[in-house]
Amino acid sequence: KNTTTTLTMASEQPSIANDPHAYLQAYIALDPSRDALFQLSGPVAAYIQEQEDATVFSMYLAAVARHMGVAVPAVAELGQQRAHIIEAIGTAATKCDNRGIISDSGILPALARWMHAAPASLTAAHVEFLQCSVLAAQYHYARRMVDMEWPRPIEGSELAQTLRYFYLRGLVHMGCEEWQWAVRSFWTCLSVPFEGISAIVIAAWKKMVLCQCLLGGSTGLPPATSNAMSRFLTTREGESQNIPAYRDLVKAFQGSDQVQFTGLQQTHGEVWQTDGTTGLVDRLATEVLHCRVRHLASVYSVISLDQLSNELRVPVGNLPLLLEQVNGLTVRTDGDFLCLDLVEPNPVSQEGLIQLMDLTERIRAIDLSIASSSRYQHLKDSSNRTATSGPLGVAEL
């Protein structure tokens, strides 16, 4: 069947308002086409955003993903319809009651294709791709798709779109345990110029300071943070958003105060749950415990199991696994006593430094040899040099 005939048959199906399941199933069965994608925008997209039926959401994602596979230039012709589709995709994915549905629909690679059509510009496709990836817990896939790209907002784009992108990107890096990239993403979110208070920026700050603690760094604000947000995050204005709870938790962590940290962790359990930071707080609790172990190892070379258990507030039976997880610590058992020894990282040997200097000198010699050759100058000045003409420097070599 050709596309026109198939579309005609689809149009004969009940309208989406009368029978949304049959309507969407008809489009899932069609061959991919720009016209079918156009039909799934406008009123259909608006209808999707008003529904609560999880099956409708999953079917819409599958139908749109099927027809998003048409050539990107053809998709670009959709204009405003494209924006309606992307917005409806975000709504449908957010309301899906099973994250597996998002992955199975094929919407992630479809959005990635649209996103890669404009890799340097931050578009709505970038935002909803990350949103769907986070909802589907496909962090590593999203990480591969965004790679090292750092898209810039398009002139005239909405502020919320830019904030959402860098916040969601931070969540993706968190899911991959790339704490430095997560901090960079949240830092960028806080650096976006605007005046006012944003819930997205508040959420970004909460996760940023916890990730900074995991990295062992400072927890300051970006210099570009707006005055309004700076006041909100550093004064009593932030009490309504539980900002003091995070400040106190960070202070306890930085002071390696295990008792204080544990108390705050338990007292504000509902806050961490609501903000989606429970996992980060649990990681920090483990790190605080490890810091306490390292401190005790620096004080005691030999300590009894009972004393260590009391100091750490950890049952004796859990000590072996805990001590095994502490970096830079070696433990020997002598009856009811433990011999603790902190192992410092090995410094770079003199031989290793000599080898590194020799390698550096060889690379410099290669660069000079290439740059000073007549062949290099000829290729550099040639206006018709092809891609296979040879390397022009160490980077290309």
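Details
- Here the stretch 370-390 is the region considered, the condition is being assigned to a helix (DSSP H, G or I) and open to solvent by less than 70 Å² (accessible area, probe 1.4 Å), and the residue that is modelled with the highest pLDDT is I370.
- Flag for P109 being assigned to a loop (DSSP other than H, G, I, E, B) and either out of contact with any Pro (no Cβ under 6 Å at 6 or more places or on another chain) or not charged (D, E, K, R) (or both): no
- Residue among I28, I48 that is within 29 Å of Y165 (Cβ to Cβ) and modelled with pLDDT of 85 or more: I48
- Scanning the stretch 271-282 turns up one or more residues that are modelled with pLDDT of 85 or more, open to solvent by less than 80 Å² (accessible area, probe 1.4 Å) and among the aromatic types (F, W, Y).
- Among the residues listed as P151, P119, P193, the single one being surrounded by fewer than 23 Cβ atoms within 10 Å (Cβ to Cβ) and closer than 25 Å to T234 by Cβ: P193
- Condition check for R143: without any contact (Cβ under 8 Å) to a residue 12 or more places away in the chain and either surrounded by fewer than 21 Cβ atoms within 10 Å (Cβ to Cβ) or not in a helix (DSSP H, G or I) (or both): no
- The set of residues in the stretch 206-235 being in contact (Cβ under 8 Å) with a residue 40 or more places away in the chain and either under 13 Å from R247 (Cβ atoms) or of a type in the set (K, R) (or both) consists of K206, K207, V209, L210, C213.
- Some residue of the stretch 172-183 being open to solvent by 50 Å² or more (accessible area, probe 1.4 Å), more than 21 Å from the chain's Cα centre (by Cα) and at pLDDT 90 or above: no
- Taken over the stretch 207-241, the criterion of being of a type in the set (A, V, I, L, M) and assigned to a helix (DSSP H, G or I) is satisfied by M208, V209, L210, L214, L215, A228, M229, L233.
- Candidate set from the stretch 113-125 (those that are in a helix (DSSP H, G or I) and in contact with a Lys or Arg (Cβ under 9 Å, 6 or more places away or on another chain)); member that is farthest from I28 (Cα to Cα): A124
- Some residue of the stretch 120-127 being free of Cβ contacts under 8 Å to residues at least 40 places away in the same chain and of a type in the set (S, T, Y): yes
- Checklist (1) assigned to a helix (DSSP H, G or I); (2) out of contact with any helix residue (DSSP H, G or I) (no Cβ under 9 Å at 6 or more places or on another chain) applied to G156, failing item: (1)
- Looking only at the stretch 51-81, and only at residues there that are of a type in the set (A, V, I, L, M, F, W, C) and over 15 Å from L24 (Cα atoms), the one that is modelled with the highest pLDDT: V70
- Residue check for I366: modelled with pLDDT under 80, open to solvent by 70 Å² or more (accessible area, probe 1.4 Å) and of a type outside the set (G, A, S): no
- Contacts under 7 angstrom Cβ, first residue in the stretch 317-334 being within 14 Å of V302 (Cβ to Cβ), partner modelled with pLDDT of 80 or more and open to solvent by 70 Å² or more (accessible area, probe 1.4 Å), 6 or more apart: T330/D341
- Identity of the residue in the stretch 238-262, among the polar types (S, T, N, Q) and under 14 Å from K206 (Cβ atoms), that ends up surrounded by the fewest Cβ atoms within 10 Å (Cβ to Cβ): S240
The values are calculated or read from the model by the stated rules, or taken from the named source; none is laboratory data. Since the structure is predicted, the reported quantities are computational estimates derived from the model, not experimental observations. So basically every Cβ, Gly included, is an ideal-geometry build from the backbone, and we count neighbours across all protein chains shown. Note: accessible area is taken over every heavy atom of the protein model, side chains too, but ligands, DNA and RNA are not part of it. Shrake-Rupley method; radii C 1.70, N 1.55, O 1.52, S 1.80 Å.
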